[in-house]
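The values are calculated or read from the model by the stated rules, or taken from the named source; none is laboratory data. This one's a predicted model, so the numbers in the text were calculated from it and none came from an experiment. Cβ sites come from the backbone with ideal geometry, for glycine too, and all protein chains shown count toward neighbours. Surface areas here come from the heavy atoms of the whole protein model, side chains and all, with no ligands, DNA or RNA. Shrake-Rupley method; radii C 1.70, N 1.55, O 1.52, S 1.80 Å.
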Amino acid sequence: MYDPEELDAIRDAKESWESGTYGETVDRFGERKESFTTDTGGQEVDPLYTPADVADHDYREDLGNPGEEPYTRGVYSTMHRGRLWTMRQYAGMGTAAETNERFNYLIDQGSSGLSMAFDLPTQMGYDSDAAMAEGEVGRSGVAIDTLDDFETVFEGIPLDEVSTSMTINAPAAVLLAMYVAMGDEQGVPREQLRGTIQNDIMKEYIARNLYIYPPESSMRLITDIFEFCAAETPSFNTISISGYHIREAGSTAAQEIAFTLGNGIEYVQAAIDAGLDVDEFAPQLSFFFNAHNNIFEEAAKFRAARRMWAQIMDERFDAQNPKSKQLKFHTQTGGSTLTAQQIENNVVRVSYQALAAVLGGTQSLHTNGKDEALALPTEQSVRTALRTQQILAHESGAADTIDPLAGSYYVENLTDGIEEDAFEIIEEVDRRGGMLEAVKSQWVQRQIQDVAFERQREIEEGDRVIVGVNEFEVDEEPEMDLEEVDPEQEQNQRERLEGVKADRDGDAVDDALASLREAAQGSANVMPHIVDAVKAYATVQEISDVLREEFGEYKPGR
């Protein structure tokens, strides 16, 4: 803390500099732009920051030490000095066998965690032989119809030695049940299973539209998962509350964390309303954020989000367990920032984004392949993306000290500004009845759309430079070796599913589905019944259809 006289002197010196040394130079030569803002336009960037810009800071109250409230500087005391972040690479090829091959390749290359992508039919709760699935089987990720597919995906991969993240939302309960069933098959105690299911349906209503059930029923499934995992799989993260797709849809950095933490508030309140104790399930909550190109804004965003969540859990929910207040998060580099033009530039973009995530204290990181703007990443681009993390971890020095940007007048000012903006948005959400009501009324969606429209206008008018797209263009592009999905895979997957259905015990499937239906009709936790159903080789769609029939399907605006 500076004393008032010294701060006055610093302010006077800055004013003198602005009118003298700096101002005279600007008057003579000008600057590159009339004004500078953060990447998302949320804050004006001053030419110089001084201690006067953080004069109100109290170190212990506003920053604290790593592993201690308010967790601005990190949720663990040693952070990356003790253990590097989990290095994940998103994988989910057309078939279960191909995904297994890619997973083993990533493990051999040094990946410390698996990240599983699913095709569109799986994400919507349909089997590969459904009419709705035609043309989409295995295209955006792996096709999973039954436990048999899961057994192939994880063949030779011990679940007690790896952590697996699954990007699945509406049918998350089904895929989690398959993971639990696989662990049981391998003889892995359930408490040793590690990983994360995304399970963030609010984000689907906001940004991606891959939902099945009405919001209230979806929240019931989520709270059932919270309860089941707290008792059965305490090391498994029950939800990855995701700002990633909100940012991909066009939001600002402040909107990303405001709407994400707003969703978190909604989930916590729903679980408490269902009778769960906050300190029983909150330690298993995790978050998922985007990393874009502005290193300082992104690092400040992560720091602000940690501080905000600690305050929210303390003041709103009276959480007592320190782990309930710790915002642990996975980061993925920004897919929407990748360009089809001059795709080698994407390697550079991803590197800066990864650096921002590490400087911001991420627990887990996925770096995009350079070709993901065009297709599923090739082995070569996945290896380069993983090597980006490994070079960052072992050669850059960025992981050698904790929160290295702390104390920067600029970064601390950014952190405060993003936090202030985000809390203002959360207050407006509260006035609108909470995130569920704000999403139902489309207010949240409109806020993001307005920002996305403005960003696109800036690009088209040249106010925002995208290297290789609207500036520094070239006439010719090199040919790329892109990963392609074999069109025969769809038919092969359908035949595989047909074989599983022919070999399974039909009576056991019927009994398991009937038991699930009865649980869905009442108030019993559905998760044990879904585990029984997948162990009988009931399909993703058969299970989802039972819930569709009991819960209904969501139609926006109705």
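Tabulated data
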{"read-out": "Ordering of 54-60, 537-543, 409-415 by packing [mean C-beta count within 10 Å, highest first]", "value": "537-543, 409-415, 54-60"}
{"read-out": "Most to least packed among 21-32, 396-407 [average Cβ atoms within 10 Å]", "value": "396-407, 21-32"}
{"read-out": "In degrees, nearest ten, helix 506-521 long axis to first principal axis of the chain (Cα)", "value": "50"}
{"read-out": "Whole-Å distance, taken between Cα centres, linking the range 248-265 and the range 187-219", "value": "17"}
{"read-out": "Long pairs among LYS323/LYS535; LYS328/LYS440; LYS323/LYS555; LYS33/LYS301, criterion Cα-Cα beyond 30 Å", "value": "LYS323/LYS535; LYS323/LYS555"}
{"read-out": "Karplus-derived 3J(HN,Hα), 6.51/-1.76/1.60, for each residue of the range 177-191, Hz, glycine and proline x", "value": "4, 5, 5, 4, 5, 5, x, 4, 4, 7, x, 8, x, 4, 5"}
{"read-out": "Size of electric dipole in the range 67-210: Cβ of Lys, Arg +1 and of Asp, Glu -1, about Cα centre, debye, nearest 20", "value": "900"}
{"read-out": "Under-5 Å amide H pairs with VAL142, H placed in peptide plane, nonlocal only", "value": "MET93, ALA117, PHE118, ASP119"}
{"read-out": "Modelled FRET efficiency - R0 22 Å, TYR409 with GLU315, Cβ distances, 0.05 increments", "value": "0.20"}
{"read-out": "Structure-based [θ]222 nm, the chain - -39500 (n - 2.57) summed over DSSP H runs of at least 4, per residue, nearest 500", "value": "-15000 deg cm²/dmol"}
{"read-out": "Extension reserve of the MET132-THR25 stretch, reckoned as 0.36 nm per residue once the Cα distance is removed", "value": "32.1 nm"}
{"read-out": "Share of carbon and sulfur in the accessible heavy-atom surface of the chain [1.4 Å probe, %]", "value": "44"}
{"read-out": "Computed lengthening from GLU458 to GLU18, 0.36 nm per intervening residue step minus Cα-Cα distance", "value": "155.5 nm"}
{"read-out": "Cα centroid separation - the range 436-471 against the range 126-180, whole Å", "value": "33"}
{"read-out": "Solvent-accessible area per residue for the range 74-167 (1.4 angstrom probe, square angstrom)", "value": "34"}
{"read-out": "Helix 215-232 axis, angle to the chain major axis (alpha carbon atoms, nearest 10°)", "value": "80"}
{"read-out": "Efficiency of FRET from Cβ geometry, GLU216 and GLN521, R₀ 25 Å, rounded to 0.05", "value": "0.95"}
{"read-out": "Rough spin-label spacing in nm, given labels placed 7 Å along Cα→Cβ, for ARG432 and SER112", "value": "3.9"}
{"read-out": "Options LEU221, TYR211, PRO234, ranked by Cα towards positive dipole end of the range 175-234, top entry (Cβ charges)", "value": "TYR211"}
{"read-out": "Principal-axis tilt of helix 409-431 within the chain, Cα atoms, nearest 10 degrees", "value": "50"}
{"read-out": "Interchain or long-range residues, amide H under 5 Å from ILE239's placed H", "value": "ILE197, SER286"}
{"read-out": "Residue-count net charge about ARG194 - beta-carbon cut-off 14 Å; Lys, Arg +1, Asp, Glu -1", "value": "0"}
